[in-house]
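Structure, as structure tokens:
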């Protein structure tokens, strides 16, 4: 009897193994995404974080394209095409040390892009700075597992920094009174609110994620009230 039971168990195991190895049928019904060992090490908050990182960088990529179309003089300073600049910033691994941004990242790159003395590609420096600042707020991660932690204060501060950067983008001028980087409509041009919408989406993503992480971790965010015209960028820890 024991031998028969063992044989039966072995047969069942072989059948199960064969069914897992067999190719899927050709029906057109919906299929669930298969679970992997990596997905088992994630929780709901981690998946939400991944979505917010992906969406934020998608909006930044869209912003880069719009700014290049508005500022062909900046693209002319670059050794790369607009598509190549987007790929090297968003599609490959790097350490943010781009020689054409003087190897600066985060808010230092944003400040550089809006410095009247800077002679490089302001669009790339501005977007690369925002991207690395946002990634710093997420701990430089695009994938999150159960024990990964994100500081909600950093997410909140990144949202305020995007507000300040957007204001500076609209208002910083050169000695002749011309925008250092053209974005929103100037006097006499058709109204273009697409930049405000993009920045609004970026700010909303960081604020929403900050609230979610605050609720999950119990870490209270310290709110900061500043006048936008005189506001200083907030540090990320």
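The values are calculated or read from the model by the stated rules, or taken from the named source; none is laboratory data. All figures in this text were calculated on a predicted structure; none of them were measured in a lab. Here Cβ is always computed from backbone atoms with ideal geometry, including for glycine, and neighbour counts include all displayed protein chains.
Kindly indicate whether any position in segment 117-133 is on the phi > 0 side of the Ramachandran plot and within 15 Å of the chain's Cα centre (by Cα). Scanning segment 117-133 turns up no residue that is on the phi > 0 side of the Ramachandran plot and within 15 Å of the chain's Cα centre (by Cα).
When you scan segment 197-219, do you find a residue that is more than 27 Å from residue 71 (Cα to Cα), part of a loop (DSSP other than H, G, I, E, B) and in contact with a helix residue (DSSP H, G or I) (Cβ under 7 Å, 6 or more places away or on another chain), even just one? Yes; the residues of segment 197-219 include at least one that is more than 27 Å from residue 71 (Cα to Cα), part of a loop (DSSP other than H, G, I, E, B) and in contact with a helix residue (DSSP H, G or I) (Cβ under 7 Å, 6 or more places away or on another chain).
Looking at residue 87, is it out of contact with any helix residue (DSSP H, G or I) (no Cβ under 8 Å at 6 or more places or on another chain), surrounded by fewer than 20 Cβ atoms within 10 Å (Cβ to Cβ) and over 21 Å from residue 141 (Cα atoms)? In short, no. Each residue in segment 110-127 was checked for being touching a helix residue (DSSP H, G or I) at 6+ places or on another chain (Cβ under 7 Å) and in contact (Cβ under 8 Å) with a residue 24 or more places away in the chain, and 11 pass. A single entry from 172, 119, 143, 163 fulfils the requirement of being closer than 28 Å to residue 46 by Cα and modelled with pLDDT of 95 or more: 163.
Restricted to segment 157-188, and to residues there that are in contact with a strand residue (DSSP E or B) (Cβ under 9 Å, 6 or more places away or on another chain) and not in a loop (DSSP other than H, G, I, E, B), the residue that is farthest from residue 227 (Cα to Cα) is 179. Would you confirm, using the coordinates I've provided, whether residue 70 is farther than 30 Å from residue 144 by Cα, at pLDDT 95 or above and surrounded by 13 or more Cβ atoms within 10 Å (Cβ to Cβ)? In short, yes. When segment 173-198 is limited to residues that are buried (at least 17 other Cβ atoms within 10 Å of the Cβ) and in contact (Cβ under 8 Å) with a residue 60 or more places away in the chain, the one that is nearest to the chain's Cα centre (by Cα) turns out to be 198. With respect to the conditions (1) more than 13 Å from the chain's Cα centre (by Cα); (2) surrounded by 14 or more Cβ atoms within 10 Å (Cβ to Cβ), residue 60 lacks only one, and its number is (1). For residue 80, the conditions (1) surrounded by fewer than 20 Cβ atoms within 10 Å (Cβ to Cβ); (2) within 19 Å of the chain's Cα centre (by Cα) are fulfilled apart from (2). Flag set for residue 225, criterion: more than 19 Å from the chain's Cα centre (by Cα) and outside any helix (DSSP H, G or I).
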